[in-house]
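> Structure incoming, see below.
The values are calculated or read from the model by the stated rules, or taken from the named source; none is laboratory data. Remember, predicted model here, so these are calculated numbers, not experimental data. Cβ sites come from the backbone with ideal geometry, for glycine too, and all protein chains shown count toward neighbours. Ligands, DNA and RNA are stripped out before the accessible areas are found, and what is left, the full protein with its side chains, is counted by its heavy atoms. Shrake-Rupley method; radii C 1.70, N 1.55, O 1.52, S 1.80 Å.
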Amino acid sequence: MADDKIIQLAIDTIRTLSIDAVQQAKSGHPGTPMALAPLVYTIWNRVLRFDPQDPVWPNRDRFVLSNGHASMLLWSILHLSKTQAVNADYEIVGHPAVSLDDIRRFRQLDSKAAGHPEYHWTSGVEATTGPLGQGVATSVGMAIAEKWLANRYNRPGFEVFRYDIYAVCGDGCMMEGISSEAASLASHLGLDNLCWIYDNNHITIEGSTRITFTEDVEARFLAYGWNVLRVGDANDIERIEHAISVFRKTKERPTFIVLDTHIGYGAPHRQDTAAAHGEPLGEEEVRLSKRSYGWPENAQFLVPDGVYEHFAAGIGARGAKVRQEWNALFTAYRAKYPELATEIEQMQRRDLPAGWDRNLPVFPADAKGIAGRDASSKVLNVLAQNIPWFFGGSADLGPSNRTILTGEGAGDLQAASPGGKNLHFGIRENAMAAIVNGLSLSKLRVFGATFFIFSDYARPSIRLSALMELPTIFIFTHDAMGDGEDGPTHQPVEHLASLRAMPGLVTLRPGDANEVVEAYRYVLQLRHQPAALALSRQSLPTLDRTKYAAASGVAHGAYVLGGAPGGDPEIILIATGSELSLAVEAHEELIAEGIRSRVVSMPSWDIFERQTQEYQDSVLPPKVTARVAVEQASTFGWHRYIGPSGRIIGMKTFGASAPLKELQRKFGFEPDNVVAAAREVLAKT
Ligand SMILES: Cc1ncc(C[n+]2csc(CCOP(=O)(O)OP(=O)(O)O)c2C)c(N)n1
Ligand SMILES: [Mg+2]
């Protein structure tokens, strides 16, 4: 078959599989796959260094579909390239990532061709996308990761890491603010391994972008400092390939390719309309579209003869070759640099190096104590020394979050120093969290930090982190009213409740310095879950662990810190974070009065919920219904632990601007108030 004939057939196979899948599902987005099929064909079959036989090979190019609604593009190309499925242990399991049957069952339960690209669910998906803008922002993290890895591991003659990141995006991604945050940082960092391709179709759901989006996107990216290219015809694969070759030659800045496209290309009544975006074409329009491609009009889910072979000869052969060359290179590298090779292998499996937790601090009892953020700083600096690929940064609050790494090799990560361990995200919380996800998808162990109040700005990406099952770490300091005078704009109230509500995320609010250490010990061992740490700004007393239970109880989410000797308690006080020492004070007062009090430290609901019922009942015996919880946050959700007769001292309003002491008085976070609540509850039960 002539070259251009089989190329056209291959492109039209992507188009028609997409059309048929959406039509069969009676839902989905046909128009964008119809338009972008030539782009995806070109990237995958001509450019991408990706081996379908091993989709987790570390040095592969990454492809991110930021306009995730066009997922049929990905399902089609993963299927046609015969990309293999990989299990949670990173083993090739021997069946395709996406079968033709999955495509026939697009958007149905258990199909690998889900509504949107889902990392962890379908092999070959590099990042979960769907919330527009997230994919492009995540791709920036992937690009930073490649630079970092190359800097640390490449040696003369051993280019172990050298790959590119391609992200495809649409008008929605460009409108979302997160793309601006991410693009700005990407050019600041000179990420010349990053290429975004913008599907410039002038259409979104409500119609033409004339009604919403008339900025000059090219000028905007030029202003950021990107290399901006334009391809005026989305069907011209030679031009597309040429633009990508210009990207690959461009140094010190990322590339933005504006691709002028026609949504619903080939559909006589739908092309260039919003209707092509998110509705099946309808049977008649499907037939007419196929006719326009010269396709058999009534054929469905057709992969013509020669198409699989064509992809096998393109991406299949190129991918196999580059991976085999890399394997040989890595074998020689392992012989010459065994320690570095071991690091890479451990990292790829999300293992930690031996001795990762050595020298973690132990804090002596101290009534004045130390702030959560300061204890955290000590821990972070030890971990960064023990785990070479552990690092992170803050959204311009490093000095306040105490996340700056100071040990050996911990410089700033900048364009000229891509191996630095201090990332400076600037005031870009949403992009920060997405970038942390991208770094984590690249198997680095990373944290991002800001004030707890601004976790709101990062929340969409934290959610994706949980959905993708990534072991990212979010460090949130100033976790309650500790920065009193800053007032209610800076005082989190509903944030703990909202993070606790997020499936998969482990939220921890440690109550003293040793609990901070144990919180990190727990979090570092997570392989498939993100964690959020809420840390205090102000000093918290370091509890005397010879008197109270060991802080290792943090690993159970909640534990009995202290109690009356012998027998069951009459009342249980439960607290987290900065209110722990308050509860301990109240507890001592009750004990002194002869009341059989128990004090429970509960740094993490999520972890506690995963303990056996027996353990949970041992900490909170069901028959002890007199309970008081203290937490300087929304009371939302606490009733599950205090029951119908318990009391919660928490927040029902926003805070206020005043010194912390006054706020504690105003809102009832004082020992006397806790004791009074305990007496009331006892009297009732
Ligand atoms: C953050 C976010 N907001 C809204 C949506 C819902 N949505 C999905 S696609 C879309 C329109 C996107 O337009 P564009 O990116 O131009 O895609 P095209 O129709 O051109 O493929 C919207 C609003 C979303 N997925 N994510
Ligand atoms: Mg559009």
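> Taking Cα atoms, how many degrees apart are the long axis of helix 513-524 and the longest axis of the chain, rounded to 10 and kept between 0 and 90?
30
> Right, something else. Using the alpha-carbon centroid of each, what span in Å lies between the range 153-204 and the range 90-142?
19
> Could you tell me the extents of the range 1-152's C-alpha atoms along the three principal axes, largest first, rounded to whole Å?
Over the range 1-152, Cα extents along the principal axes are 47, 40, 33 Å.
> Here's a follow-up. I'd like the isolated cysteines in the chain, meaning no second cysteine's beta-carbon lies under 4.7 angstrom from theirs.
Lone cysteines by the Cβ rule: CYS195.
> Using a Förster distance of 22 Å, how high is the FRET efficiency between THR546 and ASP568, based on the Cβ-Cβ distance and rounded to 0.05? Before the final figure, lay out the partial values.
Values: r = 24 Å, r/R0 = 1.09.
Efficiency for this residue pair is about 0.35.
> I want to check the label-to-label distance for GLU159 and LYS623. Put each point 7 Å from Cα in the C-beta direction and report it in nm to one decimal.
Placing both labels 7 Å along Cα→Cβ, they lie 7.3 nm apart.
> Once Rh is set to the Kirkwood radius over Cα pairs, what Stokes-Einstein translational diffusion coefficient, in µm²/s, holds for the range 496-622 at a temperature of 10 °C and a viscosity of 1.306 mPa s? Before the final figure, lay out the partial values.
Working: Rh = 14.9 Å.
Answer from the Stokes-Einstein relation: 107 µm²/s.
> So how tilted is helix 31-42 from the main axis of the chain? Cα-based, degrees 0 to 90, rounded to 10.
80
> I'd like to know which of SER581, SER81, GLN8 lies farthest towards the positive end of the charge dipole of the chain, counting +1 on Cβ of Lys and Arg and -1 on Cβ of Asp and Glu.
Going by the Cα projections, it comes out as SER581.
> Also: Would you please classify the overall shape of the range 138-241 from the alpha carbon gyration tensor, given that a ≥ b ≥ c denote the square roots of the eigenvalues, rounded means a/c under 1.5, and beyond that prolate means a/b larger than b/c while oblate covers the rest? Could you put the intermediate results ahead of the total?
Working: a/c = 2.65, a/b = 1.86, b/c = 1.42.
Prolate.
> Excluding ligands, DNA and RNA, what is the solvent-accessible area per residue of the chain at a probe of 1.4 Å, expressed in Å²? Can you show the working numbers first?
Working: 25020 Å² over 685 residues.
Per-residue accessible area for the chain comes out at 37 Å².
> Using a 1.4 Å probe over the heavy atoms of the protein chains, calculate the carbon and sulfur portion of the accessible area of the chain as a whole percent.
Carbon and sulfur together cover 51 percent of it.
> Right, another one. Whole Å is fine, so just give me how far the alpha carbon centre of the range 596-657 lies from that of the range 666-685.
Cα centres, the range 596-657 to the range 666-685: 14 Å.
> Sticking with this structure for a sec: Answer with one residue from PHE330, SER292, ALA320: the one whose Cα lies farthest towards the positive end of the charge dipole of the range 281-336, charges on Cβ with Lys, Arg +1 and Asp, Glu -1.
PHE330
> If you fit an axis through the alpha-carbon atoms of helix 372-386 and take the longest principal axis of the Cα set of the chain, what angle between them do you get, 0 to 90°, nearest 10?
On a 0 to 90 degree scale, this one is about 50.
> Over the range 11-91, calculate the relative contact order: mean separation of alpha carbon pairs under 8 Å at least 6 apart, over the residue count, as a percent. Walk me through the numbers before you get to the answer.
Details: 75 pairs, mean separation 28.6, N = 81.
Reported as a whole number, the value is 35 percent.
> Here is a further query. Hey, rough spin-label estimate for GLN324 and ALA219, points 7 angstrom out along Cα→Cβ, what's it come to in nanometres?
Simple spin-label model gives 5.3 nm for this pair.
> Shape call for the range 269-403 from the C-alpha gyration tensor, a ≥ b ≥ c root eigenvalues: rounded (a/c under 1.5), prolate (a/b greater than b/c) or oblate? It would help to have the intermediate numbers written out before the result.
Working: a/c = 5.05, a/b = 1.88, b/c = 2.69.
It comes out oblate by the Cα gyration axes.
> So how long is each side of the range 13-90 along the principal axes, counting just the alpha-carbon atoms, biggest first, in Å?
The principal-axis extents, from largest down, are 36, 27, 21 Å.
> Mind checking the dipole of the chain: about its Cα centre, +1 per Lys or Arg Cβ, -1 per Asp or Glu Cβ, Debye to the nearest 20? Please list the in-between numbers first.
Numbers: 66 positive and 79 negative charges, 175 e Å.
For this selection, approximately 840 debye.
> While we're looking at this one, here's another question. Identify the chymotrypsin sites (Phe, Trp or Tyr not before Pro) of the range 117-170 meeting these criteria: DSSP loop state and at most 11 other C-beta atoms within 10 Å of the C-beta.
Sites meeting the loop and neighbour criteria: none at all.
> Quick check: from the Cα gyration tensor, does the chain come out rounded (a/c under 1.5), prolate or oblate?
The shape class here is prolate.
> Right, something else. Which one of GLY566, MET602, GLN664 is farthest out on the positive end of the charge dipole of the range 551-680, using unit charges on Cβ (Lys, Arg +1; Asp, Glu -1) and the Cα centre as origin?
GLN664
> Still on this model: Placing +1 at every Lys and Arg Cβ and -1 at every Asp and Glu Cβ, with all other atoms neutral, what dipole size does the range 358-429 have around its Cα centre, in debye to the nearest 20?
It comes to approximately 140 debye.
> How many angstrom separate the Cα center of the range 283-338 from the Cα center of the range 412-484?
Going from one Cα centre to the other spans 35 Å.
> Do you know the relative contact order of the range 601-658, to the nearest whole percent, from alpha carbon pairs under 8 angstrom that are 6+ apart?
Relative CO of the range 601-658 lands at 28 percent.
> Hey, what D do you get for the range 400-559 in µm²/s if you plug the Kirkwood alpha-carbon radius into Stokes-Einstein at 25 °C and 0.890 mPa s?
In µm²/s, the coefficient rounds to 149.
> Follow-up question, since we're still on this one. What is the dipole size for the range 595-643, taken about its Cα centre, with +1 at each Lys and Arg Cβ and -1 at each Asp and Glu Cβ, in debye to the nearest 20?
Approximately 240 debye in magnitude.
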